[in-house]
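Here's the structure, in structure tokens; my notes come after.
Since every read-out is calculated from the coordinates, none of them should be taken as a lab result. Just so it is clear, the model here is predicted, and its values are computed rather than measured. Cβ placement follows ideal geometry from the backbone for every residue including glycine, while neighbour counts extend to all protein chains displayed.
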Amino acid sequence: KQEVTQIPAALSVPEGENLVLNCSFTDSAIYNLQWFRQDPGKGLTSLLLIQSSQREQTSGRLNASLDKSSGRSTLYIAASQPGDSATYLCAVKSNYKLTFGKGTLLTVNP
Amino acid sequence: DAGVIQSPRHEVTEMGQEVTLRCKPISGHDYLFWYRQTMMRGLELLIYFNNNVPIDDSGMPEDRFSAKMPNASFSTLKIQPSEPRDSAVYFCASSFAGASWPVYNEQFFGPGTRLTVL
């Protein structure tokens with residue numbers, strides 16, 4: 001059974017800092033990995049999707065990497081802003097299903 | 001496109017009552033998913049449909065839960081009878097994969113329905 005773990009559970013940083021969120025998964029037989037953002041009381045917004053054959057994806061200040069063999073992914077956020085404050089969820093696609101981690105609650109302080 | 005639409009956004013009901021949650025997927029999408037989110041268990045897949053046909057309902061917790069997709073633009077998740085432990089946020093998501101399933105499958109989520117069962 002696929003299990004997804006996200007570390008840390010919560011992170012507080014000052015504005016402008018670069019930061020890394022971590023995601024690990026137990027079964028490396030995945031089709032893809034997706035990073036989402038969830039704002040309080042809202043749905044999930046897809047940030048980046050990395051296919052199993054890819055090593056990384058970039059969108060603006062976000063960069064996600066994937067090391068399938070070791071079961072790890074990182075989400076790098078450059079020059080963080082207060083508007084980046086949200087919960088970030090990692091999800092892996094395996095056995096035709098998305099399995100989610102419990103997320104990292106990010107707070108960026110002005 | 002308006003994105004995935006869910007209704008109601010909030011539902012408060014009493015134990016034993018029937019609850020029906022509704023979802024309208026993005027037009028043209030061929031997959032529809034129902035998830036439940038709780039603090040304890042995070043986001044869990046309940047059931048998913050392909051071209052209106054239920055494919056995997058192994059995540060449905062009990063027989064009290066049922067889901068239907070009568071057409072490509074509408075799905076319901078019903079709980080009958082509801083219990084306090086069903087309190088959670090229920091999300092609907094849709095995606096288009098066509099022949100590329102399951103490789104390319106970016107899912108788009110609705111805003112969720114917050115269910116409280118008293």
Report, in cubic angstrom per residue, the convex hull volume of the C-alpha atoms of the protein assembly as shown. 123
Compute, for the stretch A:15-110, the length of the dipole vector about the Cα centre, with Cβ point charges of +1 (Lys, Arg) and -1 (Asp, Glu) only. Units Debye, rounded to 20. 320
Distance violations [Cα-Cα > 23 Å] among A:LYS42/A:LYS68; A:LYS97/B:LYS24; A:LYS68/A:LYS102; A:LYS1/A:LYS102; B:LYS24/B:LYS68; B:LYS24/B:LYS78: A:LYS42/A:LYS68
Unit charges on C-beta of K, R, D, E only; dipole of the stretch B:1-42, Debye: 120
So how far, in whole Å, is the C-alpha centre of the stretch B:51-76 from the one of the stretch B:1-29? 13
Per q in 0.12, 0.23 1/Å, what log10 I(q)/I(0) does a Debye calculation on the alpha-carbon atoms of the stretch A:1-82 return? -0.36, -1.23
Quick one: putting +1 on the C-beta of Lys and Arg, -1 on the C-beta of Asp and Glu, what dipole do you get for the stretch B:20-100 around its Cα centre, in Debye to the nearest 20? 260
Let me know the shape class of the stretch A:54-103, please: from the alpha-carbon gyration tensor, a ≥ b ≥ c as square roots of the eigenvalues, rounded when a/c is under 1.5, otherwise prolate if a/b is greater than b/c, or oblate. oblate
Could you check what % of the DSSP bridge pairs in chain A are antiparallel, to the nearest 5? 90
